[in-house]
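These notes concern the structure reproduced below.
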């Protein structure tokens, strides 16, 4: 497990360095994916190629799933799940919140997870049963017991209609928490929950690569992560928080119970 975590850290940091280097020049190969605002660029593609090359050379028999190039089969029983650039819109706008996420799973679930923030030189890492760290120092989720005093993060879909629905739901929550944050990188949001910088996080839908490493980070930092269904069957996300806050936050953001305030429906 130590070797797997070391590999994940090395791959994420090297991909992060590539992205920082490319950020100094004009973006190339910019295109859209699921919607007109869901962007991808040559930086995303180059980062994923590097991740696949590093992991593939060290672990040629492992499967790998990446956001840009899809899945490749393996026969070792391990699968890597990578997000080469979580926060592409931020990256292209030079808004300094984006990350690289690398996770590895076996038949029992997430085995190691790393979220690297190149601009702050912060590497969040976790291995199953061994806790979570930030640059090698142990981190823990907050012990916030009160939803009213909680700083909570969320995110929004790239699909306009879905984003409008999410905004209405958030309007029903914002008066019941300390405040809300929307930074634009779910992987970093989860890492910051693990480090106690945020009390909680929720978003649905999310892709597996958005939440893979962050899920393990929160759990190994002493928190709880559970599935969060998106409204209208749009897919699954997560709600993550410390042990005392999670039941309140999960109950409040469940799509069946969180309603927009009067006048906004």
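The values are calculated or read from the model by the stated rules, or taken from the named source; none is laboratory data. Note that this is a predicted model, so its numbers are computed, not measured. So basically every Cβ, Gly included, is an ideal-geometry build from the backbone, and we count neighbours across all protein chains shown.
See the values below:
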| item | result |
| --- | --- |
| Residue 57 vs. criteria out of contact with any strand residue (DSSP E or B) (no Cβ under 7 Å at 6 or more places or on another chain), free of Cβ contacts under 8 Å to residues at least 12 places away in the same chain and either under 24 Å from residue 134 (Cα atoms) or not assigned by TED's automatic domain parsing to the domain that holds residue 207 (or both) | yes |
| Residue within segment 163-183 that is touching a helix residue (DSSP H, G or I) at 6+ places or on another chain (Cβ under 9 Å) and on the phi > 0 side of the Ramachandran plot present | no |
| Index of the failed condition, residue 50 passing every other in (1) part of a helix (DSSP H, G or I); (2) farther than 17 Å from residue 115 by Cβ | (2) |
| Leading residue by the ranking (nearest to the chain's Cα centre (by Cα)) among those in segment 28-46 that are crowded, with 16+ Cβ neighbours inside 10 Å and modelled with pLDDT of 80 or more | 44 |
| Strands (runs of 3 or more DSSP E) wholly inside segment 58-108 that include at least 1 residues being under 28 Å from residue 181 (Cα atoms) | 63-66, 79-86, 99-106 |
| Residue count, segment 142-164 (criterion: buried (at least 18 other Cβ atoms within 10 Å of the Cβ) and out of contact with any strand residue (DSSP E or B) (no Cβ under 7 Å at 6 or more places or on another chain)) | 5 |
| Lone unmet requirement of (1) under 15 Å from the mean Cα position of the chain (by Cα); (2) at pLDDT 95 or above for residue 89 | (2) |
| Close pairs (7 angstrom Cβ cut-off, 6 or more residues apart or separate chains): assigned by TED's automatic domain parsing to the domain that holds residue 126 and in contact (Cβ under 8 Å) with a residue 12 or more places away in the chain in segment 4-28, assigned to a helix (DSSP H, G or I) and surrounded by fewer than 15 Cβ atoms within 10 Å (Cβ to Cβ) anywhere | 7/58; 28/42 |
| Only one of 67, 107 that is touching a helix residue (DSSP H, G or I) at 6+ places or on another chain (Cβ under 8 Å) and either modelled with pLDDT under 95 or at negative phi (or both) | 67 |
| Some residue of segment 197-204 being in contact (Cβ under 8 Å) with a residue 60 or more places away in the chain and either surrounded by fewer than 24 Cβ atoms within 10 Å (Cβ to Cβ) or within 22 Å of residue 109 (Cβ to Cβ) (or both) | no |
| Hey, residue 50 at pLDDT 95 or above, in contact with a strand residue (DSSP E or B) (Cβ under 7 Å, 6 or more places away or on another chain) and more than 25 Å from residue 154 (Cβ to Cβ) or not | no |
| Selected residue (only one of 173, 168, 119 is more than 19 Å from the chain's Cα centre (by Cα), under 17 Å from residue 189 (Cβ atoms), in contact (Cβ under 8 Å) with a residue 60 or more places away in the chain and surrounded by fewer than 22 Cβ atoms within 10 Å (Cβ to Cβ)) | 173 |
